[in-house]
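Asks: First the structure, then my questions, so here it is.
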Amino acid sequence: MARDVTFRHPPVVETVLSVQFERLDALSNACLGAFWQERRSAWPRVSDASPLDEQFETFGRQPGWDKGIHLKLTQSPAGRIQMRSAAGDRMIQLQNCRLDYNWIGQAGQEYPRYRAVRPEFDEVLAGFERYIREHDLGQLTANQWEVTYVNQMPEGTVWQGPEEWPGVFRSLPGLAVVPDGLRLEGLAGHWHFEIEPRRGRLHVALQHAYVGGDPEQEALVMKLTARGPIDRQQNASRAIDDGLDLGHDVIVESFEELTSPRAHEYWNREVEHADG
């Protein structure tokens, strides 16, 4: 009997499902624009952005998390195209080496579950693979899967002041330690966990920030990213499926374990039981 923990009012404000792939020599910025042109009726809002760096989870030597600044020189700078739905709550991000599918929370909108967003990602990925194939741009070879959940916990919800921050969490090393004579008024931290055995990593980032529009609001922002390599011995489609499902499950289970019962009560924790 499997346990599926959910929250009726979760603090998640954005989710991202991603696949990284080997660079395609023939995939230019113009190709990305043409891909959008074929879909502009469903994705009418488009913008350009700087490309994201490739990410690889490797194992063996202990990784160094502060990778510093990387300078890239090229005569043909790569780009990232961002295609938004008319409602603004969905976004496709595409560059030569990765495809991201974002759900972006809107005021008053209910959070769509993974089981609803995942088929949307699958459809976009299948459409991109078809575009690559029909235009003889090469073979899409996935090398990493990635899942990200961004949670915002505004002041006045699960916490009223910085002194209550340690009570929102229960398993983040060092968070509850405040030296005598000092008062906690800000925080930022990163934690990295192997998904055993060497199936990927969970990266947790937590910071105190100001979010929203005018006026801005104080919040704790907790970002969980699960990422891992694609098993080349598996069928490519099945390997992506397994990786994204693993990433989702790790994030959901870890979020529950890292946050406190008091916070769970505020978010209306629910437990469903299903066979399997």
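Asks: Where is the GNM fluctuation largest for the chain (alpha-carbon springs, 10 angstrom cutoff): THR259, THR225, THR157?
Replies: Largest GNM mean-square fluctuation: THR157.
Asks: Still on this structure, I have one more. Rounding to the nearest 20 debye, state how big the charge dipole of the chain is about its Cα centre with +1 on each Lys and Arg Cβ and -1 on each Asp and Glu Cβ.
Replies: Computed about the Cα centre, the dipole is about 600 debye.
Asks: Using the Cα centre of the stretch 200-276 as the reference point, and only Cβ charges (+1 on K/R, -1 on D/E), how large is the resulting charge dipole? Debye, rounded to the nearest 20.
Replies: Its charge dipole is roughly 400 debye.
Asks: Now, a different point. Ranking request for peptides 229-239, 90-100, 208-218: highest mean number of other beta-carbon atoms within 10 Å first, then the rest in descending order.
Replies: Packing order, densest peptide first, comes out as 90-100, 229-239, 208-218.
Asks: A further question follows. Would you work out the Kirkwood radius for the stretch 140-224? I mean one over the mean of 1/r across all pairs of different Cα atoms, in Å.
Replies: Final number for the Kirkwood radius of the stretch 140-224 is 14.9 Å.
Asks: Give me the mean projected area, in nm² to one decimal, of the convex hull enclosing the Cα positions of the stretch 172-213.
Replies: The directionally averaged projection comes out at 4.6 nm².
Asks: Which one of PHE193, LEU24, ILE81 has its Cα pushed farthest toward the positive end of the charge dipole of the chain, where Lys and Arg give +1 and Asp and Glu give -1 at the Cβ?
Replies: Selected residue: LEU24.
Asks: Turning to a different aspect of this structure: If each of ARG39 and THR141 carries a label point 7 Å out from its Cα toward its Cβ, how far apart are those two points in nm?
Replies: Each label point is offset 7 Å from its Cα along the Cβ direction, giving 2.4 nm.
Asks: Highest mean first, what order results for 241-248, 23-30, 260-267 on Cβ atoms within 10 Å?
Replies: 241-248, 260-267, 23-30
Asks: Turning to a different aspect of this structure: Equivalent-ellipsoid semi-axes (√(5λ), Cα gyration tensor) for the chain, whole Å, largest first?
Replies: Whole-Å semi-axes of the equivalent ellipsoid: 34, 21, 21.
Asks: Right, another one. In cubic angstrom, how much convex hull volume per residue do the alpha carbon atoms of the stretch 19-61 span?
Replies: In the stretch 19-61, the Cα convex hull volume per residue is 113 Å³.
Asks: Going toward the positive end of the dipole of the stretch 129-276, with +1 on Lys and Arg Cβ and -1 on Asp and Glu Cβ, which of VAL158, VAL271, ILE230 do you reach last?
Replies: ILE230
Asks: What is the helix-to-structure angle for 114-134, meaning the angle in degrees between its Cα long axis and the longest Cα principal axis of the chain, kept from 0 to 90 and rounded to the nearest 10?
Replies: 20
Asks: Take every Cα pair under 8 Å in the chain that's 6+ residues apart, average their separations, divide by the length, and report that relative contact order as a whole percent.
Replies: It rounds to 28 percent for the chain.
Bear in mind these aren't lab numbers, they're just calculated from the coordinates by the rules spelled out. Keep in mind that this is a model prediction, so the values were computed, not measured. Heads up, the Cβs are rebuilt from the backbone with ideal geometry, glycines too, and the neighbour counts pull from every protein chain shown.
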